[in-house]
1. Quick one: is Lys56 assigned by TED's automatic domain parsing to the domain that holds Val21, basic (Lys, Arg), within 21 Å of Tyr226 (Cβ to Cβ) and surrounded by fewer than 16 Cβ atoms within 10 Å (Cβ to Cβ)?
2. Taking the stated definitions as given, is Glu15 closer than 21 Å to Pro136 by Cα, open to solvent by 20 Å² or more (accessible area, probe 1.4 Å) and more than 16 Å from the chain's Cα centre (by Cα)?
3. Could you tell me which residue of the range 68-84 is surrounded by the fewest Cβ atoms within 10 Å (Cβ to Cβ), considering only residues that are out of contact with any helix residue (DSSP H, G or I) (no Cβ under 8 Å at 6 or more places or on another chain) and farther than 19 Å from Arg129 by Cβ?
4. So which of Ser47, Ser29, Ser6 is surrounded by fewer than 18 Cβ atoms within 10 Å (Cβ to Cβ), under 15 Å from the mean Cα position of the chain (by Cα) and not hydrophobic (A, V, I, L, M, F, W, C)?
5. In this structure, is Val39 surrounded by 17 or more Cβ atoms within 10 Å (Cβ to Cβ) and assigned to a loop (DSSP other than H, G, I, E, B)?
6. Which helices (runs of 4 or more DSSP H) does the range 85-187 wholly contain that include 3 or more residues that are at pLDDT 95 or above and open to solvent by 60 Å² or more (accessible area, probe 1.4 Å)?
7. Need pairs with beta-carbon distance below 6 Å; first residue of a type in the set (Lys, Arg) and within the range 105-117, second crowded, with 24+ Cβ neighbours inside 10 Å; sequence gap 6+ or separate chains.
8. Please go through the range 188-214 and pick out each residue that is surrounded by fewer than 19 Cβ atoms within 10 Å (Cβ to Cβ) and either within 16 Å of the ligand (Cβ to nearest atom) or under 23 Å from Ala31 (Cα atoms) (or both).
Amino acid sequence: MGKAVSTFTLKKYKEEGRKIVCLTAYDYSTAKILDRAGVDLILVGDSLAMVALGHKTTHAVTVEEMLHHTKAVTRGAEFALVVADLPFMSYQVDQTQAITNAGRFVKEAQAQAVKLEGATEHNLQIVERLVGMGIPVMGHLGFTPQSIHGLGGARVQARTADDAMHLLTDALALEKAGAFSVVLEMVPTTVAKIISKKLSIPTVGIGAGVGCDGQILVTDDLLGKYVDFKPRFVRRYANLDEICTDSIRKYASDVLTGEFPTDAESFAFPEGEEQELLKRLNVQQKVKQ
Ligand code: KIV
């Protein structure tokens, strides 16, 4: 493995035309697997609200829960850049709230960057302040799950020239505010490609086609472990849901039939000790009678 990935590495990759590989993780062992496999950026996405905690949207996850999971991920990632999602309502209220919460992800959870959704004036000011304090920020545009109700569902964004121009303006504003990268979610391929060309910082696509500088997926989607629904942009590389269910059924059957555990999976009591124990139990038995 090479050197640890920084935001500078990602910029260099864009300049070299080397695609950036990103995935989500919410725990230590998954982070270790991604890191070992050479993933450049690990996002502790607020998708964990749905994927790991079983909520219907990303809204319910708290700063404390996100911190808890981010701590586990940073312990497992040696090389990949770890970015923590700022959850819903942890940065929208005012700058003090946003800075305090973002700071906790770096200070307490050892994340190297944070991500927030949208490019409102408020958000742009936050990005500028955080970057000024040495906290790298990743933007997130297009379909922004924290605004799912306002957007009328998980729909493809920027489907008109007008909306595409707005999206480009937002992406450029995030770049100007100092963001080191922008996620583009559920955006037509052509629009994402144009934005990627116009920006000097890398874009990371999810349902945004092949023209982005990098790609991200939710790891549990890619592995077929989270199967509540499958967005069109997900490619399944494994079917862990089936593999895990089969393995656990086999375990249950082995427990029920006594085939698990074997002697090799248990600890022997030394021969002499066994005889001694039986002798003492015998004596005890006789005393009772
Ligand atoms: O929360 C998340 O997992 C995300 C990505 C999929 C981009 O925001």
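1. yes
2. Yes: the conditions hold for Glu15.
3. Checked the range 68-84; the qualifying residue surrounded by the fewest Cβ atoms within 10 Å (Cβ to Cβ) is His68.
4. Only one candidate passes the filter, namely Ser29.
5. yes
6. The helices (runs of 4 or more DSSP H) meeting that bar are 95-107, 121-132, 161-177.
7. Lys115/Val83; Lys115/Asp85; Lys115/Met138; Lys115/His140
8. Once the filter is applied, which keeps residues that are surrounded by fewer than 19 Cβ atoms within 10 Å (Cβ to Cβ) and either within 16 Å of the ligand (Cβ to nearest atom) or under 23 Å from Ala31 (Cα atoms) (or both), the range 188-214 yields only Gly209.
The values are calculated or read from the model by the stated rules, or taken from the named source; none is laboratory data. For clarity, every value in this text was computed on a predicted model and none was experimentally measured. Every residue, glycine as well, gets a Cβ built from its backbone with ideal geometry; the counts of neighbours run over all protein chains shown. Heads up: the accessible areas ignore ligands, DNA and RNA and are worked out on the full protein's heavy atoms, side chains in. Shrake-Rupley method; radii C 1.70, N 1.55, O 1.52, S 1.80 Å.
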